[in-house]
Every structure is written in structure tokens, then in C-alpha cells.
Amino acid sequence: MRLGRRFGVFFAVIAVSAPWSEALGQLCQSPCVGPAHGAVLAAGGGDLGEEIYGRFVELAGGEDARIVIIPTAGAEEGSHDAWTAIEALKAVGVRRFEILHTRSRAVADLEAFAAPLRDATGVWISGGRQWRLIDVYLGTRTHDALTLLLRQGGVIGGNSAGASVLASFLIRGAVENNRTVVAPGREEGFGFLRGVAIDQHVLARGREGDLMEVLNSRPDLLGIGLNEGSAIVVTGDLAEVVGRSMVAVYDVTDPLHLIPLRWLRPGEVYDLGARRVHMDGGPGSRSPPGP
């Protein structure tokens, strides 16, 4: 019922909105949403399978991958999610790790602190609370180094809170709790996926309708809801679903669907720029997309 009530607000918006691909084509050049070089991997929390970590390592260079772990979202330096990621990445062949962590924005803005990112081929941002990452890194030299890593063809992966911060619009950025969906003044993410808001733990925590709260005021955004154990791998504007669960896409500009929610299964590929399923699966697809 909660989901239906929220969706009801958008019926008028859908009826009058221009097709997203037509409107967006006037504003940006391809890729519109994802990185022109490199890749972004956003995971939904919980138990991530070897297929997710394996894809991340493959994109980072396989056995030659040089990985930096950023555990800053956790309450402590030794956060459980960060250690889980390290062990999982070791299991799929990573040999070279470095931990990058500070609670000081001034330190994060030092070239010497960001230096390990210049040599990295992949960065993994583990889970916790979004605001800790934003308060420390947004707009600093560390943020600049992450952007450069993508431009040079590297991969940035994030899990749970580490996935939400990859988007341009940040949700659950409140310091007080992780239930507030939109926190005024804390709505800017790292922007590696543009025009997007990302939620995680969607089914496990009953968040199926929460992204609609964002789209109430920002119908231009594309909402991505990640279930636990699922991830999207984004290259250019193509997002492939990887893992054992589905991913939700919320698009209130779609005139063809009364309820602007589409579930994508593992192996399906979605064009984030055109806002439609990419039926042929794309050159990087590991399995054929569903109907």
C-alpha cells in the first residue's frame, strides 16, 4: 500500500513528460550517465557473491590489479564490511592492496594522501554511512584522484553506502539516522553516475518505495534500487545486472508504464542514457538478457 500511494503522485507527471532520451539528447553527449572510460560497480549490500568481486577484479586488471580499499563509511577503521571485501578480493586473486582512510577533510585534500590512487587500477568503497564519505572526501584532491582513475580506465566499486555515494544525487545522507531518504543540504554524491540516485538493501529493509520520495521533487532523476547480493556494472551508459538478485529501475518520465518501476534480472543490460532495456545484452554481457 505504501508503494502504491507514493506512485500515485506521479501519474500526472508521466502523462506530460517528454521521452527521456529525447530530452536528454539536447543536454548531453553520450555517455550521459556513466563513465566515458573505465567502469563503475555499485553493489546492494549483504552477502556479495564471487561473481561480483570477480567482475570487479577483472575490470581492475585481473592478477595485476592494484586495489585501494576505502573503509571510511564504517564506524571504525576496521569495519566489518571492509574486512569482508578484503578477504573476498583475496579469494578471487587480488595480491596488492592498500587501505586509504582518514576522518579529516584537510588530510583528504593533501596530494600525499591521495597519492596511492594515482597508481591504483581499482578502488573499493565499503559500506557504513554515506555522510562519513561525503563529509571527508567530496570536493577534495582524493575525490579528484578518483575521477582521474576512471578517466584512465580504472574501476570504482562501492557496496551499500559505498554504492549510494557513487551517484550524483545522494540519498540517506543524514547524520542522525539511515532512514531519512532525503537530507536537505546533504544531497550531493560523488557524481560518477550522473542524473542518478542509488538506494541499497531494497527488499531486505523494505525500501521498495523510498526512491519515489526523491523523484517527487526530482522527476528528472533515474532511481536505481539495489537488492542485497546484486550489483550493476556500468560502462558508458550500459548497466549490466550481476549477482543473485534483481535490480529495480525507477523512471517517472516513462509514458508507457503506469507504475514507473522495472525489475531487471541478472544478466540483463539497461541503457541508463536512453532509459530502456538494451535487448542485445551489449558486447560486455556475460549472459543473455531476459525478455
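The values are calculated or read from the model by the stated rules, or taken from the named source; none is laboratory data. Worth saying up front: this structure is predicted, and the values here are computed from it rather than measured. Neighbour counts run over all protein chains shown; Cβ positions are idealised from the backbone, glycine included. Just so you know, the surface numbers come from the protein's heavy atoms only, side chains and all, with ligands and any DNA or RNA stripped out. Shrake-Rupley method; radii C 1.70, N 1.55, O 1.52, S 1.80 Å.
In the full protein context, region 142-189 carries 35 Å² of accessible surface per residue, based on a 1.4 Å probe and ignoring ligands, DNA and RNA.
What shape does region 106-151 take by its C-alpha gyration tensor, where a ≥ b ≥ c are the square roots of the eigenvalues and a/c under 1.5 counts as rounded, a/b above b/c as prolate, and the rest as oblate? In terms of gyration-tensor shape, oblate. Per-peptide packing, taken as the mean over residues of other Cβ atoms within 10 Å, places 50-62, 110-122 in the sequence 50-62, 110-122 from highest down. How would region 82-137 be classified by its alpha-carbon gyration tensor: rounded, prolate or oblate, with rounded meaning a/c under 1.5 and the a/b versus b/c comparison settling the rest? The shape class here is oblate.
Give, as a single signed number, the net charge of other residues whose beta carbon lies under 11 Å from the beta carbon of Ala174, with Lys and Arg counted +1 and Asp and Glu -1. Here the count lands on +2. For region 160-245, carbon and sulfur atoms together expose 46% of the accessible surface, with a 1.4 angstrom probe and every protein chain in place.
Considering only Gly158, Ile198, His143, and ranking their Cα positions along the charge dipole of region 135-230 that arises from unit charges at the beta-carbon of Lys, Arg, Asp and Glu, the one farthest toward the positive end is His143.
Here region 20-153 has 49 percent of its accessible surface on carbon and sulfur atoms, given a 1.4 Å probe and all protein chains in place.
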